Amino acid sequence: MFTTKTVDIIVPCYNEEDVLNLFYTETEKVLNKIENYAFRYIFVDDGSRDKTLSILKDLATKADNVFYISFARNFKKEAAMYAGLKNSTGDYVIVMDADLQHPPTMIPDMLRATEEGYDCCAARRTSRTGESKIRSAFSRMFYRLHNRFTDISLVQGAVDFRIMSRQMVDAVLSLSEVQRFSKGIFSWVGFDTKWLPYENVERPLGTTKWSFWGLFKYAIDGITAFSVAPLRMVSAMGFVISLFAFIYIIITLVQTLIFGIDVPGYVTTLCALLFLGGIIELSIGILGEYIGHIYMETKSRPIYIAKQTNLKPLGKESDNAKN
Ligand code: UDP
Ligand code: MG
C-alpha cells in the first residue's frame, strides 16, 4: 500500500507577472495526473515591483495548496530558494523557476527517481538555444575553472531544477553561510543524484533577470566560496617570481664583478616595475575577495527579510513578518 507523500514546490519569483498564471496552469496539468503525492506550492516573491504578489495572493485564495512568502526587497534568487527550503516541510522538495524554462513535465520522472532510491534528481540542459555564443563560451569556461579550482565538481548545464529528499534539504540548510552559492552547496552535501538531461526551453514570457556582469560576479563568488586555490596561486606566483629575481640578481652580480658596471637598462627596469606592480595588485585583489567574504559572513545578517506570508508558522528568519 502507498502512503501519500508530501512534496513542496519552491518557486522563486522576481517580476514574473507575465508568466505566473501560465506557470500555475501548466504545472497543475502535470500534477493532477500524479497519484499518491500531495503537492504544495511555496512561491517566494523576491521583492517584485510588478503585480507578482497580487497574482500570488489571488492564486492562494483560489487553491488551498498555494503559499507565498514575500520579501521586503529583492534579496536575489539564492535567498529566495533558501527561504523556500527553510519553510518547507514536505517529504520531498522541488525547486524550480517560474518562467517555464524548467519543464513541469519532468516532475513525474523526478518522483520516479526518488522511488528508485535516489536522494535527489536534478535537471541538466543539453543545449543552450536562445543564448549568445559568448555567454555559452564563458559558461563553459566557468565550469572548467570551477572544477579545476575546487574539490567539488559541478555538472555542465546543471540548472536549479531538482527534487531533494527531506534529509538532503536539511543538510543543505545546515550550511549556514549567508552568501550562498547553491550549485556548489548541492554538490558539496553529497547524496545520490540522478541527472535528467533536457533540451533548453526558451522563456515564453518576461525576460531574464541576469546581466552579464551579474553572472560574472556569481562565477567569482562560486569559486571563492568553495576553494582557497586562488590564494595558493598567489603564493606560488610569488615563489616563482622570487626565484627568477634571485637568479637574475646572481647573474647581474657576476656580470658586474667581471665586466664592471654597465649602463642600466631603463626599459628593463620599467617593465619589471610594471609587471610586479600588476602582480601585486592582482594578489591584493584576490586577497580582497576573501576578506570581503569574511567581512560579509561575520556580520551574519539574515539571508532574507520576509514582509508578508500566508504560511504558518513562520520560519526563524521571518520573525518580523506579519500577515
Ligand atoms: N529570480 C529571483 N530573484 C532574482 C532573479 C531571479 O527570484 O533576483 C527568479 C526568477 O523569477 C525565475 C528564476 O529566479 O523564477 C530564474 O530567473 P531567470 O529566468 O531570470 O534566470 P535565467 O533562467 O535566465 O537563468
Ligand atoms: Mg529563466
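The values are calculated or read from the model by the stated rules, or taken from the named source; none is laboratory data. Everything numeric in this text was worked out from a predicted model, so none of it was measured. Positions of Cβ are generated from backbone atoms using ideal geometry, with glycine treated the same way; all protein chains shown enter the neighbour counts. All accessible areas refer to the heavy atoms of the entire protein, side chains included, with ligands and DNA or RNA removed. Shrake-Rupley method; radii C 1.70, N 1.55, O 1.52, S 1.80 Å.
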Handout entry: Those residues of the stretch 217-228 which are among the charged types (D, E, K, R) and open to solvent by less than 80 Å² (accessible area, probe 1.4 Å), in sequence order
Key = Asp221
Handout entry: Within the stretch 94-121, considering residues that are within 16 Å of ligand 2 (Cβ to nearest atom) and either in a helix (DSSP H, G or I) or small (Gly, Ala, Ser) (or both), the one nearest to Ser187 (Cα to Cα)
Key = Met106
Completion exercise
Residues in the stretch 74-117 that are more than 18 Å from Arg166 (Cα to Cα), hydroxyl-bearing (Ser, Thr, Tyr) and buried (at least 20 other Cβ atoms within 10 Å of the Cβ) total 0
Practice task
Please indicate, with yes or no, whether at least one residue in the stretch 229-238 is away from ligand 1 (no atom under 16 Å from the Cβ), in a strand (DSSP E or B) and open to solvent by 70 Å² or more (accessible area, probe 1.4 Å).
Solution key: no
Practice task
May I ask you to list pairs of residues, at least six apart or on different chains, whose Cβ atoms are under 6 Å apart, with the first in the stretch 89-102 being within 8 Å of ligand 1 (Cβ to nearest atom) and among the polar types (S, T, N, Q) and the second being open to solvent by 10 Å² or more (accessible area, probe 1.4 Å) and modelled with pLDDT under 90?
Solution key: Gln101/Val201; Gln101/Arg203
Practice task
Consider only pairs whose beta carbons are under 6 Å apart and that are at least six residues apart or on different chains; among these, list those whose first residue lies in the stretch 208-219 and is more than 18 Å from Ala98 (Cβ to Cβ) and whose second residue is more than 16 Å from ligand 2 (Cβ to nearest atom) and outside any loop (DSSP other than H, G, I, E, B).
Solution key: Ala219/Phe142
Practice task
Identify the residue in the stretch 48-68 that is within 16 Å of ligand 1 (Cβ to nearest atom) and polar (S, T, N, Q) and, among all such residues, is least open to solvent (accessible area, probe 1.4 Å).
Solution key: Thr52
Handout entry: Criterion: open to solvent by less than 20 Å² (accessible area, probe 1.4 Å), within 16 Å of ligand 2 (Cβ to nearest atom) and free of Cβ contacts under 8 Å to residues at least 12 places away in the same chain - qualifying residue of Ser136, Ser132
Key = Ser136
Fill in the blank from the handout: Reported set for the stretch 11-26 where residues are in a loop (DSSP other than H, G, I, E, B) and either modelled with pLDDT of 95 or more or among the acidic types (Asp, Glu) (or both) is Glu16, Glu17, Asp18
Practice task
Scan the stretch 173-219 residue by residue and report those that are of a type in the set (Phe, Trp, Tyr), within 21 Å of Ala123 (Cα to Cα) and within 13 Å of ligand 1 (Cβ to nearest atom).
Solution key: Trp210, Tyr218
Handout entry: Residue that is open to solvent by less than 40 Å² (accessible area, probe 1.4 Å), more than 16 Å from ligand 2 (Cβ to nearest atom), under 20 Å from the mean Cα position of the chain (by Cα) and not aliphatic (A, V, I, L, M), where the choices are Phe39, Phe71, Phe43
Key = Phe71
Practice task
Consider Tyr14 carefully, then state whether it is under 24 Å from Ser165 (Cβ atoms), among the aromatic types (Phe, Trp, Tyr) and open to solvent by 10 Å² or more (accessible area, probe 1.4 Å).
Solution key: no
Completion exercise
Checked against (1) open to solvent by 20 Å² or more (accessible area, probe 1.4 Å); (2) modelled with pLDDT of 90 or more; (3) within 14 Å of ligand 1 (Cβ to nearest atom); (4) not aromatic (Phe, Trp, Tyr), Arg162 satisfies every condition except (1)
Exercise for the section: Restrict the check to the stretch 193-216 and report whether at least one residue is away from ligand 2 (no atom under 16 Å from the Cβ), open to solvent by 80 Å² or more (accessible area, probe 1.4 Å) and in a helix (DSSP H, G or I). Expected result: yes
Handout entry: Positions within the stretch 75-93 being away from ligand 2 (no atom under 16 Å from the Cβ) and either in a loop (DSSP other than H, G, I, E, B) or of a type in the set (A, V, I, L, M, F, W, C) (or both), in sequence order
Key = Phe75, Ala79, Ala83, Leu85, Asn87, Ser88, Thr89, Gly90, Asp91, Val93
